[in-house]
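The values are calculated or read from the model by the stated rules, or taken from the named source; none is laboratory data. It should be emphasised that the depicted structure is a prediction, and the values quoted were computed from it without experimental measurement. Neighbour counts are summed over all protein chains in view; Cβ atoms, including those assigned to glycine, are modelled from backbone coordinates with ideal geometry.
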Amino acid sequence: MRGIEFRGLSRVDGPLIITERSRNVRFNEVVLVYDREGGRRLGRVVDLCEDWTAVQVFGTTTGLSAQDSRVEFLGRPMELRVGPGLLGRVFNGLGDPIDGYGAIFSSNFYDVNGFPINPYARTYPRDFIQTGVSAIDGMNTLIRGQKLPIFSGNGLPHNRLAAQIVRQAKIISTEQNTEQDFVIVFCAMGVKYDVARFFLDDFEHSGVLANVVVFMSLADAPSLERLVAPRCALTAAEYLAYERNMHVLVVMTDMTNYCEALREVSSVRGEIPGRKGYPGYLYSDLASLYERAGKIKSSSGSITQIPILTMPNDDISHPIPDLSGFITEGQIVLDREMSQRGIYPPVAGLPSLSRLMKDGIGQGMTREDHKDLSSQLFAAYSHVKQVRSLASIIGEEELSSVDKQYLKFADKFESLFLSQGEYENRSIAETLDLGWKVLTEIPREDLLRINQDYIKKYLDPIYTEKE
């Protein structure tokens, strides 16, 4: 169905075109722009008033003239065709297939901007997700319906860690003795081709590609496409979760590229910049993406998000990680110094946290000792940081015998508990058993955060075996 068409533009300014037509035009409406040769370009209404309308073009505006160009307002927002055929397909940032196959067979279209969810309809996230990675499962547990970003830096193995989570993630219920797999929605924004190829090859070799929906907006794609790509991905996730009752894991990389595109577009529009040149609405814009995770009462499906962002100059106080940390329920922080020492995954023990961890561990979820064990590991590793700082000043040989024990604990904790193979999938029981094993390196009288019954049940047998 064709919309309203007008000839002529007021001006062309970078990726923006300005037309004096604004009657019956809506914000975020899809627009088709035709040049003098009849070539067609897709755009979106980004601003309007009584006298003019600003349209942002997906792609270049080269060749568009003010006199000969035509603008067609389609009278609808940008939509994504959804259906069961989404799984196993690869799309660009605008939702068009790029895998050599045609469009999926479906007559259902969803607004990529999503639909508002009544807060009352949401249910609280509680189910434990086993990633097979001890640093996450044991210390920063991922919960179904949670949004838990990975804060990383250039050159760190965040892509390898994300691919490992995709391969291994399962919903575990120890009470019902059941496991449930995920379907994956993967969104790449502004990444290089080799990064996109790494994920596609990993999905194919691990046999999960049939359960993955991929949206790729590469580094050479227009900036505006990067802004639409995560919305298309989340729209696909909402269909699979709330209409098909599937458990969906959404991985989005790199949110820094998304925010850079948002800053670029904001600058072109002449908006007043905020911190470090980012628009003042960066917080609400990120929230419009992150808050599309969760569970609702009317569906048994769920959406769990793992956004990946590279911190500029490894600065965790930068606006992107800073605002993301406010919106999401924790973060997994990768440490450069640990990576340089050959530790994989280099998950920093103290800056990382999961705010929903307490609701997804314990009896019926993981194991009864999980909470006490993780609390004690955090406390001991925190003391290690103080001991290492002291050792750098006075020398390790001048430390007390107890402090030297903590240094041994740190080495064992990092080499045995945190470190694991890229294709090593540990069960939660194996992770917790490793935790008890490394705790034998610190004095027993320092185990103040653990119930004595758990010490007798899990720690004493290890002491007996050593003797």
Note to self: Suppose the filter is more than 27 Å from VAL185 (Cα to Cα) and either basic (Lys, Arg) or surrounded by fewer than 17 Cβ atoms within 10 Å (Cβ to Cβ) (or both); does ASP96 pass it?
What the structure shows: no
Checklist line | Residue satisfying condition, being surrounded by 23 or more Cβ atoms within 10 Å (Cβ to Cβ) and hydrophobic (A, V, I, L, M, F, W, C), within set LEU249, LEU209 | finding: LEU249
Item checked: Residues satisfying the stated conditions in region 384-401, i.e. more than 19 Å from ASN140 (Cβ to Cβ) and surrounded by 13 or more Cβ atoms within 10 Å (Cβ to Cβ) -> VAL387, ARG388, LEU390, ALA391, GLU396, LEU399
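Yes/no per residue for (1) free of Cβ contacts under 8 Å to residues at least 24 places away in the same chain; (2) in contact with a strand residue (DSSP E or B) (Cβ under 7 Å, 6 or more places away or on another chain); (3) part of a loop (DSSP other than H, G, I, E, B):
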site: PHE6; (1), (2), (3): no, yes, no
site: ARG23; (1), (2), (3): yes, no, yes
site: VAL31; (1), (2), (3): no, yes, no
site: GLU37; (1), (2), (3): no, no, yes
site: ASP51; (1), (2), (3): no, no, yes
site: VAL55; (1), (2), (3): no, yes, no
site: GLN67; (1), (2), (3): no, no, yes
site: LEU74; (1), (2), (3): no, yes, no
Notebook entry, point to check: Which number in (1) in contact with a helix residue (DSSP H, G or I) (Cβ under 7 Å, 6 or more places away or on another chain); (2) crowded, with 17+ Cβ neighbours inside 10 Å; (3) more than 29 Å from PHE115 (Cα to Cα) marks the one condition that ARG336 misses?
Noted result: (2)
Next item on the list: Would you mind telling me which numbered condition in (1) of a type in the set (A, V, I, L, M); (2) in the same structural domain as VAL208 (by TED's automatic domain parsing); (3) at pLDDT below 85 LEU87 fails?
Entry: (3)
Note to self: Quick test for you: out of ALA210, ALA163, pick the one residue that is assigned by TED's automatic domain parsing to the domain that holds GLU260 and modelled with pLDDT under 90.
What the structure shows: ALA210
Checklist line | Residues within region 278-336 that are of a type outside the set (Ser, Thr, Tyr) and within 11 Å of PHE151 (Cβ to Cβ), tallied | finding: 18
Check: Is it the case that region 402-411 has a residue that's surrounded by fewer than 18 Cβ atoms within 10 Å (Cβ to Cβ) and closer than 22 Å to ILE332 by Cα?
Finding: yes
Checklist line | Positions within region 296-315 being surrounded by 15 or more Cβ atoms within 10 Å (Cβ to Cβ) and assigned to a loop (DSSP other than H, G, I, E, B), in sequence order | finding: SER299, GLY301, MET311
Check: Here are GLY360, GLY349: which of them is surrounded by 16 or more Cβ atoms within 10 Å (Cβ to Cβ) and out of contact with any helix residue (DSSP H, G or I) (no Cβ under 8 Å at 6 or more places or on another chain)?
Finding: GLY360
Item checked: Subset of region 16-59 [within 22 Å of SER217 (Cβ to Cβ) and modelled with pLDDT under 80] -> GLY59
Item checked: Residue identified as surrounded by fewer than 20 Cβ atoms within 10 Å (Cβ to Cβ) and in contact with a strand residue (DSSP E or B) (Cβ under 9 Å, 6 or more places away or on another chain) among LEU234, LEU200, LEU240, LEU227 -> LEU200
Check: Restricting the first residue to region 354-374 and requiring it to be under 14 Å from ILE172 (Cα atoms), which pairs with a second residue that is of a type in the set (Val, Ile, Thr) and in a helix (DSSP H, G or I) meet a Cβ separation below 7 Å and a spacing of at least six or different chains?
Finding: THR366/ILE428; ARG367/ILE428
Next item on the list: Quick one: which residue in PHE198, PHE186, PHE203 is modelled with pLDDT under 90 and either among the aliphatic types (A, V, I, L, M) or in the same structural domain as ALA237 (by TED's automatic domain parsing) (or both)?
Entry: PHE203
Check: Can you tell me which of GLU238, GLU337 is under 15 Å from SER152 (Cα atoms) and not assigned by TED's automatic domain parsing to the domain that holds THR53?
Finding: GLU337
Note to self: Of all residues being among the polar types (S, T, N, Q) and touching a residue at least 60 places away in the same chain (Cβ under 8 Å) in region 87-117, which is nearest to ARG226 (Cα to Cα)? Just the residue, please.
What the structure shows: ASN92
Note to self: Which condition from (1) closer than 24 Å to GLU424 by Cα; (2) assigned to a loop (DSSP other than H, G, I, E, B) is the one that GLU271 breaks?
What the structure shows: (1)
Check: Looking at this structure, is ILE150 of a type in the set (A, V, I, L, M, F, W, C) and buried (at least 23 other Cβ atoms within 10 Å of the Cβ)?
Finding: yes
Margin query: Where the second residue is in a loop (DSSP other than H, G, I, E, B) and aromatic (Phe, Trp, Tyr) and the first is closer than 13 Å to LEU286 by Cα and without any contact (Cβ under 8 Å) to a residue 24 or more places away in the chain and lies in region 248-272, which pairs have Cβ atoms under 7 Å and are six or more apart or on separate chains?
Written below: ARG263/TYR278
Next item on the list: Under 6 Å between Cβ atoms, at least 6 apart or on separate chains: pull out the pairs that start in region 375-403 with a residue that is under 20 Å from VAL347 (Cβ atoms) and end on any residue that is buried (at least 16 other Cβ atoms within 10 Å of the Cβ) and of a type in the set (Val, Ile, Thr).
Entry: GLN376/ILE450; ALA380/ILE442
Checklist line | Among the residues listed as ILE320, ILE343, ILE332, the single one being in the same structural domain as THR256 (by TED's automatic domain parsing) and in a strand (DSSP E or B) | finding: ILE332
Notebook entry, point to check: Are any of the residues in region 56-65 small (Gly, Ala, Ser) and under 23 Å from VAL214 (Cβ atoms)?
Noted result: yes
